[in-house]
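Here is the structure we will look at, set down as structure tokens.
The values are calculated or read from the model by the stated rules, or taken from the named source; none is laboratory data. All values derive from a computational prediction rather than experimental measurement. Note: ideal-geometry Cβ built from the backbone for every residue, glycine included; neighbour counts use all protein chains shown.
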């Protein structure tokens, strides 16, 4: 979450995550009503907003990392801030700042199909989400419209750590792999190395760890937040190599 606890720490965390092997970094833009997020990221967004973080300050921070940060950064935002700024304007500014893509969890497929070509024109991949409850035909449309990768939500609910993943996620991974050549990454509920190894064995191309990382940063003493993020990232990377 950008701006949690402050923009400077977020900047340092981004650089440390790249140094410790992150393939892609999802950077949250704080929003007052993060309906797809559980309590950990909700609290992080509230702290970030309290510290004065805005979409513009997030993009300014990201832009300042040009030449230092080479790992792709995917901006996680909600529809209201995006629409408020204007889809065209937001995509232009995000691309200018160095973002590689967007995730907008509350944007319906029909609206996403309007945003996707705008994002593409600015060199951004619009990553779409598939939920366990998504009908097969709609899953196909989402997979066909998603760029970069498909974000497979492992649970029916909000983001947050879970102790185990449901077996049906394996079936969903295989269905998506059958209908699309776009890579599949599993998120919502992945909290550690064991679950990463599990989704890898199911054929997923990636694992997305959000709440667990945000929690590590939040629970660390200020001087250790960047170090804790790096140590955790290294643990996750090692799970992909086993």
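Taking the conditions (1) over 17 Å from residue 2 (Cα atoms); (2) in a helix (DSSP H, G or I) in turn, residue 42 satisfies each one other than (1). Does residue 217 count as surrounded by fewer than 20 Cβ atoms within 10 Å (Cβ to Cβ) and either under 17 Å from the mean Cα position of the chain (by Cα) or more than 21 Å from residue 76 (Cα to Cα) (or both)? For residue 217, the condition - surrounded by fewer than 20 Cβ atoms within 10 Å (Cβ to Cβ) and either under 17 Å from the mean Cα position of the chain (by Cα) or more than 21 Å from residue 76 (Cα to Cα) (or both) - is not met.
What is the residue count in the range 115-157 for residues that are within 17 Å of the chain's Cα centre (by Cα), buried (at least 22 other Cβ atoms within 10 Å of the Cβ) and farther than 28 Å from residue 167 by Cα? Selection size over the range 115-157: 2. Could you list, in sequence order, all residues of the range 183-194 that are modelled with pLDDT of 90 or more and either closer than 18 Å to residue 148 by Cβ or buried (at least 24 other Cβ atoms within 10 Å of the Cβ) (or both)? Correct list: 183, 184, 185, 186, 187.
For the range 195-206, a residue qualifies if it is buried (at least 21 other Cβ atoms within 10 Å of the Cβ) and touching a helix residue (DSSP H, G or I) at 6+ places or on another chain (Cβ under 8 Å), and the qualifying residues are 196, 199, 204. When residues in the range 76-96 are screened for being over 28 Å from residue 19 (Cα atoms) and in contact with a helix residue (DSSP H, G or I) (Cβ under 8 Å, 6 or more places away or on another chain), 7 of them pass.
Which of the residues spanning the range 97-114 are at pLDDT below 95 and crowded, with 18+ Cβ neighbours inside 10 Å? Before the answer, list the steps.
As a first pass, look at the range 97-114 and keep what is at pLDDT below 95: 105-114.
Result: 105, 107, 112.
Taken over the range 17-36, the criterion of being touching a helix residue (DSSP H, G or I) at 6+ places or on another chain (Cβ under 7 Å) and either modelled with pLDDT under 95 or assigned to a loop (DSSP other than H, G, I, E, B) (or both) is satisfied by 20, 21, 22, 29, 30, 31, 32, 34. Residue 14 passes every criterion in (1) under 18 Å from residue 217 (Cβ atoms); (2) in a helix (DSSP H, G or I); (3) in contact with a helix residue (DSSP H, G or I) (Cβ under 7 Å, 6 or more places away or on another chain) apart from (3).
Within the range 37-57, the set of residues being touching a helix residue (DSSP H, G or I) at 6+ places or on another chain (Cβ under 9 Å), buried (at least 19 other Cβ atoms within 10 Å of the Cβ) and without any contact (Cβ under 8 Å) to a residue 60 or more places away in the chain comprises 48, 53, 55. So which residues in the range 64-75 are surrounded by 14 or more Cβ atoms within 10 Å (Cβ to Cβ), in contact with a helix residue (DSSP H, G or I) (Cβ under 9 Å, 6 or more places away or on another chain) and closer than 22 Å to residue 148 by Cβ? Those that are surrounded by 14 or more Cβ atoms within 10 Å (Cβ to Cβ), in contact with a helix residue (DSSP H, G or I) (Cβ under 9 Å, 6 or more places away or on another chain) and closer than 22 Å to residue 148 by Cβ: 65, 69, 71, 73, 75.
Any idea which residue in the range 17-32 is farthest from residue 206 (Cα to Cα), counting only those that are more than 17 Å from the chain's Cα centre (by Cα) and touching a residue at least 24 places away in the same chain (Cβ under 8 Å)? Before you say what the answer is, go through the steps one by one.
Here is the first cut: in the range 17-32, the ones more than 17 Å from the chain's Cα centre (by Cα) are 19-20, 32.
If we keep only those that are touching a residue at least 24 places away in the same chain (Cβ under 8 Å) as well, we get 19-20.
Working: 19: 18, 20: 16 Å.
Checking each candidate, the answer is 19.
Being in contact with a strand residue (DSSP E or B) (Cβ under 6 Å, 6 or more places away or on another chain), within 22 Å of residue 128 (Cα to Cα) and in contact (Cβ under 8 Å) with a residue 40 or more places away in the chain is a condition met by at least one residue of the range 75-89.
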